[in-house]
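K.L.:
Following this message is one structure expressed as structure tokens.
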Amino acid sequence: MVNIPSRDCVVIPLFCVSQPNAPATVVLLSGGAGTIGKLNESGWPASGNFLIRSGKLFAAHGFNLAMVAKPSDLDGLDPLLRVSDQHLEDMHKVLRYLRAQSDMPVWLVATSQSTISAAAVAIAERDSGLVAGIVLSSSITNYKIPNAVPKLDLEQIRVPVLVMHHERDACFACRPHEAPNIYDGLKNSPMRQLLLVNDGSEPVGDPCEARHFHGYIGMEQEAVDLVAAWIRQAAK
């Protein structure tokens with residue numbers, strides 16, 4: 001764990017894994033309030049969020065990893081904060097730190113509410129060269145949600161984008177039939193794909209939480225493999 005200095009007296013906790021000969025640095029952005037959990041007995045963040053609990057699966061593909069926690073001055077992030085100047089400044093500091101550690105391309109991989117962050121950062125950083133591409137999984141698609149991804153200025157994104165969504169995602173904020181609206185908005189992305197999946201098993205609890213199809217329950221390995229393969233293809 002490292003703390004990245006950002007705004008006045010604010011730090012961004014970051015869990016990092018560096019690997020030799022990594023093809024890219026993958027930044028995993030947790031959904032919901034943006035927490036990653038305390039470190040467990042194996043030394044990894046303990047959040048049940050799809051991306052955070054799948055961190056070791058991404059590492060097995062050889063990527064450098066960074067898991068971004070919420071900033072020290074907030075209890076959590078929400079759809080309004082995720083497009084705010086302060087959040088974009090925090091993420092800029094994180095990106096600068098990661099590029100200073102490795103010259104490998106940096107990819108933002110987001111899920112659920114953090115897809116708002118990834119899209120907003122890609123828009124804000126469109127001329128900086130700090131973001132090589134983004135992956136949006138289980139995106140916020142419902143137009144009634146503030147800053148739903150299809151409502152953002154997606155034409156400003158000029159990096160490759162993978163939009164992955166589960167066909168049985170039952171979360172009211174992430175309706176699968178609206179995922180194509182994200183793809184359609186990415187008019188200036190040099191490489192874009194809408195990938196709908198339908199595997200997994202044994203969903204439990206709230207359909208908007210991580211142990212349901214919204215969080216790719218029962219198909220974590222397959223989902224990570226698909227994302228990793230797409231990043232490697234886009235990086236060629």
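The values are calculated or read from the model by the stated rules, or taken from the named source; none is laboratory data. Predicted, not measured: the structure shown is a model, and the values here were computed from it. Using ideal geometry, Cβ is built from the backbone for each residue, glycine included, and neighbour counts are taken over all protein chains shown. Quick note on the areas: whole protein, heavy atoms, side chains included, nothing else; ligands and nucleic acids left out. Shrake-Rupley method; radii C 1.70, N 1.55, O 1.52, S 1.80 Å.
K.L.:
Considering only the stretch 203-224, how many residues are assigned to a helix (DSSP H, G or I), touching a residue at least 60 places away in the same chain (Cβ under 8 Å) and surrounded by fewer than 21 Cβ atoms within 10 Å (Cβ to Cβ)?
P.N.:
Residues in the stretch 203-224 being assigned to a helix (DSSP H, G or I), touching a residue at least 60 places away in the same chain (Cβ under 8 Å) and surrounded by fewer than 21 Cβ atoms within 10 Å (Cβ to Cβ): 2 in total.
K.L.:
While we're here: Which one is nearest to N40 (Cα to Cα), of the residues in the stretch 1-15 that are surrounded by fewer than 15 Cβ atoms within 10 Å (Cβ to Cβ) and in contact with a strand residue (DSSP E or B) (Cβ under 7 Å, 6 or more places away or on another chain)?
P.N.:
M1
K.L.:
Sort through E167, E178, E155 and tell me the only one that's in contact (Cβ under 8 Å) with a residue 24 or more places away in the chain and touching a strand residue (DSSP E or B) at 6+ places or on another chain (Cβ under 6 Å). Spell out the reasoning first.
P.N.:
Numbers: E178 fails: touching a strand residue (DSSP E or B) at 6+ places or on another chain (Cβ under 6 Å); E155 fails: touching a strand residue (DSSP E or B) at 6+ places or on another chain (Cβ under 6 Å).
It is E167.
K.L.:
Condition test on P45, is it touching a helix residue (DSSP H, G or I) at 6+ places or on another chain (Cβ under 8 Å), touching a residue at least 40 places away in the same chain (Cβ under 8 Å) and farther than 22 Å from S128 by Cβ? Before you say what the answer is, go through the steps one by one.
P.N.:
Values: touching a helix residue (DSSP H, G or I) at 6+ places or on another chain (Cβ under 8 Å): yes; touching a residue at least 40 places away in the same chain (Cβ under 8 Å): no; farther than 22 Å from S128 by Cβ: yes.
Criteria not met by P45.
K.L.:
Kindly indicate whether R7 is in contact with a helix residue (DSSP H, G or I) (Cβ under 8 Å, 6 or more places away or on another chain) and among the charged types (D, E, K, R).
P.N.:
The answer is yes for R7.
K.L.:
I'd like the full set of residues that are open to solvent by 10 Å² or more (accessible area, probe 1.4 Å), at pLDDT 95 or above and of a type in the set (D, E), limited to the stretch 89-127.
P.N.:
E89, E125, D127
K.L.:
Filter the stretch 19-61 for residues that are open to solvent by 40 Å² or more (accessible area, probe 1.4 Å), over 23 Å from I116 (Cα atoms) and not hydrophobic (A, V, I, L, M, F, W, C) and give the result.
P.N.:
Those that are open to solvent by 40 Å² or more (accessible area, probe 1.4 Å), over 23 Å from I116 (Cα atoms) and not hydrophobic (A, V, I, L, M, F, W, C): Q19, P20, N21, P23, K38, N40, E41, S42, K56, H61.
K.L.:
Of all residues in the stretch 62-88, how many are over 16 Å from I116 (Cβ atoms) and surrounded by fewer than 19 Cβ atoms within 10 Å (Cβ to Cβ)?
P.N.:
Of the residues in the stretch 62-88, 4 are over 16 Å from I116 (Cβ atoms) and surrounded by fewer than 19 Cβ atoms within 10 Å (Cβ to Cβ).
K.L.:
Related question: Filter the stretch 77-103 down to the residues that are outside any helix (DSSP H, G or I) and closer than 16 Å to V27 by Cα and list them by number.
P.N.:
Selection gives S102, D103.
K.L.:
Condition first: open to solvent by less than 50 Å² (accessible area, probe 1.4 Å), assigned to a loop (DSSP other than H, G, I, E, B) and farther than 21 Å from N147 by Cα. Now tell me which residues in the stretch 174-202 satisfy that.
P.N.:
Residue satisfying the conditions is G200 alone.
K.L.:
Output the number of the condition that L108 fails; it satisfies all remaining conditions of (1) within 29 Å of P150 (Cα to Cα); (2) not in a strand (DSSP E or B).
P.N.:
Going through (1) within 29 Å of P150 (Cα to Cα); (2) not in a strand (DSSP E or B) one by one, L108 breaks only (2).
K.L.:
Identify all residues within the stretch 143-162 that are open to solvent by 10 Å² or more (accessible area, probe 1.4 Å) and either among the charged types (D, E, K, R) or part of a loop (DSSP other than H, G, I, E, B) (or both); write none if there are none.
P.N.:
Y143, K144, I145, P146, N147, K151, L152, D153, E155, R158, V159, P160
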